[in-house]
Structures are given as structure tokens and as C-alpha cells.
Protein chains: 2
Amino acid sequence: MGEYRPAKLDDVFNALSDPTRRAILARLTETDARVTELAAHFPISLNSVSKHIRLLERSGLVRRRVVGRDHLLSLEPAPLADAAEWIEHYRRFWEGRLAALEDFVKNRKRNRQ
Amino acid sequence: MGEYRPAKLDDVFNALSDPTRRAILARLTETDARVTELAAHFPISLNSVSKHIRLLERSGLVRRRVVGRDHLLSLEPAPLADAAEWIEHYRRFWEGRLAALEDFVKNRKRNRQ
């Protein structure tokens with residue numbers, strides 16, 4: 001069915017389906033951050049933020065490095081690229097279909113004149 | 001937090017997080033289809049396919065037209081474009097950060113020589 005790494009894409013799109021997780025990713029595009037630093041930006045408990053982060057780690061979108069006592073989080077862009085690739089592949093396909101339909105309509109009009 | 005139409009994006013990314021729903025969208029990029037035609041392509045019940053389709057409709061990715069006794073489904077590309085835009089925005093941001101870091105490292109090497 002033209003599936004593209006299905007299991008992994010499930011996790012990545014599911015990770016992206018929550019506004020807190022998208023906001024965490026948005027912050028990590030600016031700078032790497034400690035879990036506590038990230039948590040300070042959200043009006044939810046540290047425990048809730050930690051759960052979102054673990055889900056992001058499982059999806060492969062976020063990587064955790066332990067440096068001394070700090071847990072430093074960084075963005076892993078490859079899964080984002082995979083997700084964008086899936087969407088763009090089908091958008092292009094669909095836009096091609098629209099363009100073909102337009103040509104067909106134009107040609108029919110021209111042949112009638 | 002740089003959120004982009006959060007509620008809608010939640011639904012779109014959630015819709016994309018399932019392999020059957022992605023496969024339905026993939027088929028609809030090729031041609032509009034009846035619910036029963038789509039269901040014939042999947043090794044799951046018509047009822048399960050219908051549930052996936054309803055979720056796709058709620059996300060705005062699929063539109064249903066009733067033509068006589070047929071329910072004809074077609075792809076609605078705007079929400080796909082929104083999802084792609086969200087991903088690409090942050091990918092570009094992140095890639096900019098990487099490029100700046102590379103420049104910094106190169107300049108430091110050059111200054112040392």
C-alpha cells in the first residue's frame with residue numbers, strides 16, 4: 001500500500017498530535033535543554049512533562065544525554081524528515097492529479113471552440 | 001509557543017498516526033472512492049474501515065459526498081499542507097541552528113591556524 005516505515009511513522013505522527021509535545025519540540029529547535037528547564041515553560045506538572053518527553057524519546061524525535069547530574073535533551077531531526085517525506089510524497093501525487101484534471105478540462109474546452 | 005492552529009493539527013497528526021488511515025489517504029490520492037471500494041482493499045471489517053474514515057473526515061483530511069446511494073470519498077489536501085508546513089518550519093529552524101554551529105566550529109579552527 002505504499003507504506004513508508006509504518007511502525008516508526010505511527011510513533012512520530014502520534015508524538016506530533018499533542019500541543020505540549022509540539023511546543024517541546026519547538027523549544028528544542030532553538031536550544032538543547034534540561035528536563036527541568038523545559039518543564040518551567042509549561043503550566044503542567046514536571047511529571048506530566050516527563051511523560052511527554054518519554055513519548056518523544058520513544059518516537060526517536062528527542063534524544064537524552066546524561067551529563068553528570070543533568071539530563072540534557074536535544075532534537076533528533078531524522079524522524080521529522082521521514083514524516084515530512086511521507087506527507088510531501090502524497091501531496092505531490094495529489095497535486096499531479098489535480099493538474100492532469102485541469103489540463104483535461106482545458107483541452108476539452110479548446111477542442112470545442 | 002509558536003503553535004500553529006493547535007486543535008486542528010492535533011486531529012491531523014492523530015489521523016496520520018495509523019497505518020490503515022495512511023493507506024486510505026494513499027488510495028484517495030490516486031482516485032476518489034466509495035466506502036465499500038476502499039474497504040475491499042483492507043483485511044479488516046467494513047465497520048473498522050468506516051471508523052477510520054469517520055476519524056479522517058473529522059480531521060478534515062477526507063470529504064464525503066453523497067451521490068444517490070453512493071458515499072463518495074475524496075482527499076482534502078489543505079490539512080496535509082498545514083501539517084507539512086508545521087514540520088518544515090521547525091526543520092528549517094533546526095537546520096539553521098546546525099549550519100550556524102558548523103560555521104562557528106570552522107571559524108574557530110581557522111583562527112587557530
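Applying the criterion of being open to solvent by less than 10 Å² (accessible area, probe 1.4 Å) and touching a His at 6+ places or on another chain (Cβ under 9 Å) to the residues of segment B:16-25, the residue that is nearest to B:Leu75 (Cα to Cα) is B:Ile24. Within segment B:71-81, is even one residue over 25 Å from A:Ala83 (Cα atoms) and in contact (Cβ under 8 Å) with a residue 12 or more places away in the chain? Yes, that holds for at least one residue.
Restricting to segment B:35-92, and then to whatever is more than 21 Å from A:Gly96 (Cβ to Cβ) and polar (S, T, N, Q), can you tell me which residue is surrounded by the most Cβ atoms within 10 Å (Cβ to Cβ)? Filtering segment B:35-92 for residues that are more than 21 Å from A:Gly96 (Cβ to Cβ) and polar (S, T, N, Q), the one surrounded by the most Cβ atoms within 10 Å (Cβ to Cβ) comes out as B:Ser59.
Quick check on segment B:2-19. Is at least one of its residues farther than 19 Å from A:Asp11 by Cα, more than 9 Å from chain A (Cβ to nearest Cβ) and not β-branched (Val, Ile, Thr)? Within segment B:2-19 (the criterion being farther than 19 Å from A:Asp11 by Cα, more than 9 Å from chain A (Cβ to nearest Cβ) and not β-branched (Val, Ile, Thr)), the answer is yes, since at least one residue qualifies. Residues in segment B:5-34 that are among the aliphatic types (A, V, I, L, M) and within 11 Å of the chain's Cα centre (by Cα): B:Leu9, B:Val12, B:Ala15, B:Leu16, B:Leu25, B:Ala26.
The values are calculated or read from the model by the stated rules, or taken from the named source; none is laboratory data. None of these values were measured; they are calculated from a predicted model. Here the Cβ is made from the backbone with ideal geometry for all residues, glycine too, and neighbour counts use every protein chain on show. When the accessible area is computed, the model is the full protein with side chains, heavy atoms only, and any ligands, DNA or RNA have been set aside. Shrake-Rupley method; radii C 1.70, N 1.55, O 1.52, S 1.80 Å.
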